[in-house]
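One structure is given here, and the rest of the page talks about it.
The values are calculated or read from the model by the stated rules, or taken from the named source; none is laboratory data. Predicted, not measured: the structure shown is a model, and the values here were computed from it. Glycine also receives a Cβ, built like all others from the backbone with ideal geometry; neighbour counts cover every protein chain displayed. When the accessible area is computed, the model is the full protein with side chains, heavy atoms only, and any ligands, DNA or RNA have been set aside. Shrake-Rupley method; radii C 1.70, N 1.55, O 1.52, S 1.80 Å.
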Amino acid sequence: MMFRQLFDHASCTYTYLIADPVINAAILVDPVLEQVDRDLKLLDELGLTLQFCLETHIHADHVTGTGKLRDIAGCLGIVPQGAQASCADRYIQDLELLELGKVIIQALATPGHTDNHMAYMVNGNLILTGDALLIRGCGRTDFQGGDAGTLYDTITQRLFTLPDTTLVYPGHDYRGFTASTIGEEKQWNLRIVGRDRDSFVQFMSHLDLPDPKKMMEAIPANEECGRVSVVV
Ligand code: FE2
């Protein structure tokens with residue numbers, strides 16, 4: 001398997017390129033519109049054909065590159081079942097498998113940050129956690145159907161029950177981290193460690209974060225797979 005972690009500085013978003021080098025086919029997870037040219041160049045240099053763009057959720061902080069990549073590369077856009085994105089080519093549901101040669105990706109419903117959020121387990125030992133679980137943190141829960149209690153259940157009952165050695169690759173990082181493990185987060189993720197469900201909900205309700213700068217543009221655009229309405 002080929003695996004690359006790509007970063008968008010403006011939104012601190014990680015995009016992941018996963019490929020089977022035997023059949024030269026690739027998936028991009030959570031591509032960013034402004035990075036489409038970078039991603040296409042990398043795919044070209046690696047001799048890969050883009051088959052799927054896969055979203056962990058409808059993002060509020062950046063516009064997805066899926067629509068543009070689909071127009072240029074002819075890939076299919078896949079979003080979580082139930083997400084508001086009528087433009088998707090395909091929806092993926094809990095425990096469904098997506099196969100790309102020898103690479104097996106399994107969707108895990110991980111709601112709480114948004115109401116329809118998927119994490120993706122790759123070949124059983126590496127998980128892309130989207131914004132459900134960040135390194136020493138977690139996604140916010142104050143819009144897009146977010147619910148702190150649901151996120152607590154997702155993290156403690158679904159993600160923290162995976163093997164400790166499972167590698168964790170998040171959807172964002174703001175402090176320079178790139179990867180972790182489930183065991184490491186169970187020990188050091190202070191959003192969760194030492195908090196019961198009620199105190200987590202209480203804590204999350206007092207974060208007082210400003211809205212993402214691009215929120216008013218990004219959510220409607222992402223519901224159209226990244227088509228931004230241009231006002232002339
Ligand atoms: Fe998000």
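Filter segment 184-201 down to residues that are assigned to a helix (DSSP H, G or I) and acidic (Asp, Glu) and give me whichever is most open to solvent (accessible area, probe 1.4 Å).
Here is the first cut: in segment 184-201, the residues assigned to a helix (DSSP H, G or I) are 184-188, 197-201.
Narrowing the set further to residues that are acidic (Asp, Glu) leaves 184-185, 198.
On the way: GLU184: 65, GLU185: 0, ASP198: 114 Å².
It comes out as ASP198.
For segment 58-72, enumerate the residues that are crowded, with 19+ Cβ neighbours inside 10 Å, away from the ligand (no atom under 12 Å from the Cβ) and not in a loop (DSSP other than H, G, I, E, B).
Initial filter on segment 58-72 (crowded, with 19+ Cβ neighbours inside 10 Å): 58-70.
Next, from what is left, pick out any that are away from the ligand (no atom under 12 Å from the Cβ): 63, 65-70.
Residues satisfying the conditions are THR66, GLY67, LYS68, LEU69, ARG70.
State yes or no: is GLY124 of a type outside the set (Asp, Glu), under 24 Å from LEU98 (Cα atoms) and away from the ligand (no atom under 16 Å from the Cβ)?
Working: of a type outside the set (Asp, Glu): yes; under 24 Å from LEU98 (Cα atoms): yes; away from the ligand (no atom under 16 Å from the Cβ): yes.
In short, yes.
For the structure I just gave you, tell me whether ALA107 is open to solvent by less than 20 Å² (accessible area, probe 1.4 Å) and outside any strand (DSSP E or B).
On the way: open to solvent by less than 20 Å² (accessible area, probe 1.4 Å): yes; outside any strand (DSSP E or B): no.
Criteria not met by ALA107.
Among what's in segment 202-215 and is closer than 30 Å to GLY65 by Cβ and in a loop (DSSP other than H, G, I, E, B), pick the residue that is least open to solvent (accessible area, probe 1.4 Å). Break it down into steps so the answer makes sense when it comes.
To start, the set of residues in segment 202-215 that are closer than 30 Å to GLY65 by Cβ comprises 204, 207, 209-215.
So of that shortlist, the ones also in a loop (DSSP other than H, G, I, E, B) come out as 207, 209-214.
Working: LEU207: 45, LEU209: 82, PRO210: 101, ASP211: 100, PRO212: 27, LYS213: 201, LYS214: 67 Å².
Once the filter is applied, the top-ranked residue is PRO212.
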Please enumerate the residues belonging to segment 152-197 that are free of Cβ contacts under 8 Å to residues at least 24 places away in the same chain and small (Gly, Ala, Ser).
-> GLY176, GLY183, GLY194
Here are some conditions: (1) at pLDDT below 95; (2) of a type outside the set (Asp, Glu); (3) under 16 Å from the mean Cα position of the chain (by Cα). THR114 meets all but one. Which one does it not meet?
-> (1)
Determine, yes or no, whether ARG140 is touching a residue at least 12 places away in the same chain (Cβ under 8 Å), more than 16 Å from the ligand (Cβ to nearest atom) and either within 16 Å of the chain's Cα centre (by Cα) or open to solvent by 50 Å² or more (accessible area, probe 1.4 Å) (or both).
-> no
Pick from ALA132, ALA148, ALA218: which is in contact with a Ser or Thr (Cβ under 7 Å, 6 or more places away or on another chain), surrounded by 14 or more Cβ atoms within 10 Å (Cβ to Cβ) and under 28 Å from PHE3 (Cα atoms)?
-> ALA132
Right, ARG140: basic (Lys, Arg) and in contact with a Ser or Thr (Cβ under 7 Å, 6 or more places away or on another chain) or not?
-> no
Across segment 75-104, what is the number of residues that are open to solvent by 10 Å² or more (accessible area, probe 1.4 Å), part of a strand (DSSP E or B) and within 25 Å of THR141 (Cβ to Cβ)?
-> 1
Would you point out which residue out of GLY112, GLY124, GLY145 is at positive phi and without any contact (Cβ under 8 Å) to a residue 24 or more places away in the chain?
-> GLY124
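Residues are listed down the side, and each one gets a yes or a no for (1) among the β-branched types (Val, Ile, Thr); (2) farther than 26 Å from GLY139 by Cα; (3) outside any loop (DSSP other than H, G, I, E, B):
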site: PHE3; (1), (2), (3): no, no, yes
site: LEU17; (1), (2), (3): no, no, yes
site: ILE27; (1), (2), (3): yes, no, yes
site: GLN35; (1), (2), (3): no, no, yes
site: ASP39; (1), (2), (3): no, no, yes
site: ASP44; (1), (2), (3): no, yes, yes
site: PHE52; (1), (2), (3): no, no, yes
